[in-house]
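For reference, the structure discussed in these notes is given below.
No value in this document is a laboratory result; all are computed from the given coordinates. What you see is a predicted model, and the numbers here were worked out from it, not measured in a lab. Glycine gets a Cβ as well: all are built from the backbone with ideal geometry, and neighbour counts include every protein chain shown.
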Amino acid sequence: MKPAALTEELEESLFGGKAAQLAAATRAGLPVPAGVALPYGFVDAVAADERDARQRLAAVFRTLGAPLVARSSAVGEDSEQASFAGQHLTQLNLRSEPELVDAVSAIWRSARSPSAFAYRERLRLPREPRMAVVVQELVDADSAGVLFSRNPINGSDELVVEAAWGLGESVVAGLVIPDRFRLRRDGAVAERIAGLKDVAIRTDPEGGTSRTLVPEGLARVLCLDDAQLAALHALALRCDEVFGGSHDLEWAFAGGRLYLLQRRALTAIPSPAAGDHRDEHVRLPN
């Protein structure tokens, strides 16, 4: 098993759902950062400290260039039945060949944590994970977050966006109260709720990330404008065309450009609540 560029058609059984979906998005022209997918057998070899595999991984680093991000892409991850959200590791801002090697090994180990094994057992999945990895150019985000193509709370047919300053890990990890937006199917903004984004995750020049304080005046300011919301709406519609179904997207804006970082199927959607139609407004946190 050898690494493959995200421009290729990737088999989910070898490269995992995350890599396969990013590859499909890349081939469809969606704004996915350049990257390489590592099949699970190759990741096993890196974790086993096999010299040839580590040399090939070093070549991947040289091809893409720093800074990089390494994300889990286990077989069965990000499927209709199992998301593994929060179970597997992501390593950000990798700036050297040894850092990338260590990151891939750490992601391999994360699939074998007690919580990951418990999750697999709960879903009656095979106990032994097959951990593939996606390595991509890092997007040093000005703002980032998640987009749900259906309301995950009440199941209504609308887009829900949660966003914060800096890298999206502050939203995913629950470190801030993110801004929240609801968009109708035609792109009209139904609701804007300003969060409290008092910390941001930023890249560190020496590698990795750090938490930085957001100035009080900026912490309560909406981090997305109408043009950015329109771009996210267009991205969701394109994902409808490429994938079908409902989506849980991770995205980032950097230098005025929108990037698609991850796409997974939105699972466990509740039935739509009857009569849930609210007028557009803006709310600020107490």
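In sequence order, what are the phi-derived ³J(HN,Hα) couplings for segment 204-211 according to the Karplus relation 6.51 cos²θ - 1.76 cosθ + 1.60 with θ = phi - 60°, rounded to whole Hz, with x for glycine and proline?
Going residue by residue, I get 9, x, 8, x, x, 10, 9, 8 Hz, with x marking Gly and Pro.
Normalised by the residues of the chain, what does the relative contact order come to in percent, with Cα pairs under 8 Å and at least six apart?
20
Which order, highest average first, do 207-218, 161-172, 142-153 follow once you tally other Cβ atoms within 10 Å for each residue and take the mean per peptide?
For the peptides 207-218, 161-172, 142-153, the packing ranking is 161-172, 142-153, 207-218.
Need one number: nm distance between label points at residue 137 and residue 220, each 7 Å from Cα along Cα→Cβ, rounded to one decimal.
Distance between label points: 3.9 nm.
In the neighborhood of residue 145, defined by Cβ-to-Cβ distances under 12 Å, what is the net charge if each Lys or Arg adds +1 and each Asp or Glu adds -1?
Summing Lys and Arg as +1 and Asp and Glu as -1 gives -4.
Which Cα, out of 59, 208, 76, lies furthest along the positive dipole direction of the chain (beta carbon charges, K/R +1, D/E -1)?
Positive-end residue among those listed: 76.
Report ³J(HN,Hα) in whole Hz for each residue of segment 153-164, in order, from the Karplus equation J = 6.51 cos²θ - 1.76 cosθ + 1.60 where θ = phi - 60°; Gly and Pro get x.
The phi angles translate into 8, 10, x, 5, 7, 8, 8, 10, 10, 10, 8, 8 Hz.
Assuming 0.36 nm per residue, please report the length gained on full extension of the stretch residue 28 to residue 112 beyond their Cα-Cα distance.
Here the answer is 26.9 nm.
Using modelled amide H (1.01 Å from N, peptide plane; none on Pro or chain starts), what sits under 5 Å from the amide H of residue 32, excluding residues fewer than 5 places away?
Here 260 satisfy the definition.
Kindly provide the helix-only [θ] at 222 nm of the chain, computed as the sum of -39,500 (n - 2.57) over DSSP H runs of four or more divided by all residues, to the nearest 500 deg cm²/dmol?
Taken over the chain, the calculation gives -9000 deg cm²/dmol.
Could you give the size of the charge dipole of segment 1-68 about its Cα centre, using +1 on the Cβ of each K and R and -1 on the Cβ of each D and E, expressed in debye and rounded to the nearest 20?
Magnitude of the dipole: close to 260 debye.
For segment 165-279, what is the convex hull volume of its Cα atoms per residue in Å³?
Roughly 140 Å³ of hull volume per residue.
Relative to the present Cα-Cα distance, how much length would full extension add between residue 173 and residue 212 at 0.36 nm per residue of separation?
12.5 nm
Once Rh for the chain is found with the Kirkwood sum over Cα pairs, what is the Stokes-Einstein diffusion coefficient at 20 °C and 1.002 mPa s, in µm²/s?
In µm²/s, the coefficient rounds to 110.
Under 5 Å between amide H atoms, partner at least 5 residues away or on a different chain: which partners does residue 196 have, H built in plane at 1.01 Å?
For residue 196, whose amide H was placed from the backbone, the distant partners under 5 Å are 177.
Give me, ordered by chain and number, the residues 5 or more places off residue 224 or on other chains with an amide H under 5 Å from its own placed amide H.
Distant-sequence amide H within range of residue 224: zero hits.
Where nothing but the Cβ of Lys and Arg (+1) and of Asp and Glu (-1) is charged, how large is the charge dipole of the chain around its Cα centre, in debye to the nearest 20?
400
What percent antiparallel are the DSSP beta bridges of the chain, to the nearest 5?
Antiparallel bridges make up about 95 percent of those DSSP assigns within the chain.
HN-Hα J couplings of segment 223-230 from phi, Karplus 6.51/-1.76/1.60, θ = phi - 60°, integer Hz, Gly and Pro as x?
After applying 6.51 cos²θ - 1.76 cosθ + 1.60, I find 8, 10, 9, 4, 5, 5, 5, 5 Hz.
Express the Stokes-Einstein translational diffusion coefficient of segment 1-112 in µm² s⁻¹, to the nearest whole number, given a Kirkwood radius over alpha-carbon pairs, 25 °C and a viscosity of 0.890 mPa s.
Once the numbers are plugged in, D ends up at 175 µm²/s.
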